[in-house]
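Have a look at the structure below before the remarks.
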């Protein structure tokens, strides 16, 4: 059962996937308040009564291009408190920058396939609802491949970058430790080093800030 | 004769009188008589019949189809003109798109100005030219024949030639010797000048005008662009179909399998469901890869630079991307450039033994320039795949050595199938070029240039 029962608005134009998602969320104990099929309706529904989290597809009618992303940006501008989880058939880091432009967390960007891994998906949803950032491993892989010779990340060691990439995927320290086959204490040390090297302010949620720094690289 | 106006050139030549040209001219002028008579007869009959029948639909249809006679007249007359214009007269008619029905073809031809011009020529031929030709060539030819035959004719009968009366073969012979050569020279030039003048008329009215040639060329270019555009549209349609259909269903399947995993107790059944889930995900990944090769989404949504960066990120070797493109370009151009980069990076990774690669893109004037440079072994060729596969599609840095090609890429096609050679064709239609410099030992540099606009 979820840490907290979330009120969710779902935007997905394929009936098949809309119902699949709704049934997964339902079983997990969340409330799917509305399920809509296009960006305009999504905005209208959210404006009427803001939910905790919005889950939206990128490509929806009428243009079948990036209606979901634009709706997400509009929602973020009006209701900064609503967590936004963007699902897509296809992910690329080019889309990420438009998502991150106006945001300070509470955002997720996942491949639709991840929904099938129900436990992980629900964990990601909770993280987004709490104001965290979750980015699909596929996007993280693309970002890792992109060579950066300057910028704030240049100071990090390869191991620290690895840890930061896993943080971007939305993992907690225990999960990172498991993934890298090290102790949780070692991960904590790396995370501390990352915060120090990125000169992150103590006041902010440093974990989120670090990930955003990474993603904006 | 290398001069285009063959008849005039022949007239100017010193060897005109001993060449075949006088006789060709006779043939041209005299053959106009039956053709001219037939033309005017058919036209008159058609006009009369269509006027008579005009109260009923058939008459109107017949009237409307009269310009089509121009097409026929043009064909016959251009063929006949080869007598004095050996190079022939190029047809002024535009190529009819092969998809047109019989009726559309007729309408297309009827509306062409070339058809009307040829019809005008036919009227001129039927009313004016053939009587003139019959008169001039007839007088010249008959007189020449009579002069040549004078000794023989005079032997049988008294023969009056102008002021002279020839009574016997001797007088006939004297007449032939005295007047034959002079008349041959005079008549040959008269006939030659007339034939040359008429062939000019035929060229002017039946040949292609420069604007028509230009228009045909422009139409050809446009139809090639249409083709490229049609391919682009078709790719987009296939991508949408895969996205909205197959992919959604597979995602739905992974969701269902994911839920099933939660419900099933630990055991063989659950193990199989987890396996099925993994397979469905692999199918999705494969499908995504295929869609990317057909019509990459990021190219449509974010343009060339983002798409190139993405393909660079997926490359196994470090690729530096430097692009400064101020605006989005037309979709076929972006797609061509994207596939050039994608294909080239694939080739570099496969064959070049390079350790790094650079992709640059900029606008020079009104042209898009994209270069892909690697530090590999060089010696690449921009070949088309041939049967032996000795110089297959090695792109930049392709390790294929031109000679022999032993141990080369063989017949292993690149992902694009026809590879860079196919892209050359595609670029060609857009007015672009692809250029490869790859000295043995490297570096290899592939340079693509393409106009930024489709209509020029």
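The values are calculated or read from the model by the stated rules, or taken from the named source; none is laboratory data. For clarity, every value in this text was computed on a predicted model and none was experimentally measured. So basically every Cβ, Gly included, is an ideal-geometry build from the backbone, and we count neighbours across all protein chains shown.
Just a few scattered comments:
- Whenever a residue of the range A:65-77 is more than 12 Å from chain B (Cβ to nearest Cβ) and over 13 Å from residue A:87 (Cβ atoms), its partners that are modelled with pLDDT under 90 and part of a helix (DSSP H, G or I), lying with C-beta atoms within less than 8 angstrom and at least six residues away or across chains, give the pairs A:73/A:98; A:73/A:99.
- Search result, residues across the range B:321-355 that are over 21 Å from residue B:423 (Cα atoms) and at pLDDT below 85: B:326, B:327, B:353
- Any pair with Cβ under 9 angstrom, 6 or more apart, that starts in the range B:195-221 at a residue that is more than 22 Å from residue B:76 (Cβ to Cβ) and ends at one that is modelled with pLDDT of 80 or more and in a helix (DSSP H, G or I): B:221/B:429
- When B:284, B:299 are checked against the criterion of being touching a helix residue (DSSP H, G or I) at 6+ places or on another chain (Cβ under 6 Å) and under 30 Å from residue A:23 (Cα atoms), a single residue qualifies: B:284.
- Qualifying residues in the range B:260-273 (those that are out of contact with any helix residue (DSSP H, G or I) (no Cβ under 6 Å at 6 or more places or on another chain) and in a helix (DSSP H, G or I)) - the one nearest to residue A:17 (Cα to Cα): B:263
- Within the range A:137-185, if we keep just the residues that are assigned to a loop (DSSP other than H, G, I, E, B) and within 14 Å of chain B (Cβ to nearest Cβ), the residue that is modelled with the lowest pLDDT turns out to be A:147.
- Residues located in the range A:115-126, provided they are more than 9 Å from every other protein chain (Cβ to nearest Cβ) and closer than 25 Å to residue B:313 by Cβ: A:120, A:124
- Candidate set from the range B:258-290 (those that are touching a residue at least 24 places away in the same chain (Cβ under 8 Å) and more than 20 Å from residue A:119 (Cβ to Cβ)); member that is nearest to the other protein chains (Cβ to nearest Cβ): B:288
- The residue list A:100, A:96 contains one member that is closer than 17 Å to residue A:214 by Cα and within 14 Å of chain B (Cβ to nearest Cβ), which is A:96.
- Selection status of residue B:318, at pLDDT below 90 and more than 10 Å from every other protein chain (Cβ to nearest Cβ): no
- Single residue of A:81, A:106 found to be in the same structural domain as residue A:36 (by TED's automatic domain parsing) and out of contact with any strand residue (DSSP E or B) (no Cβ under 9 Å at 6 or more places or on another chain): A:81
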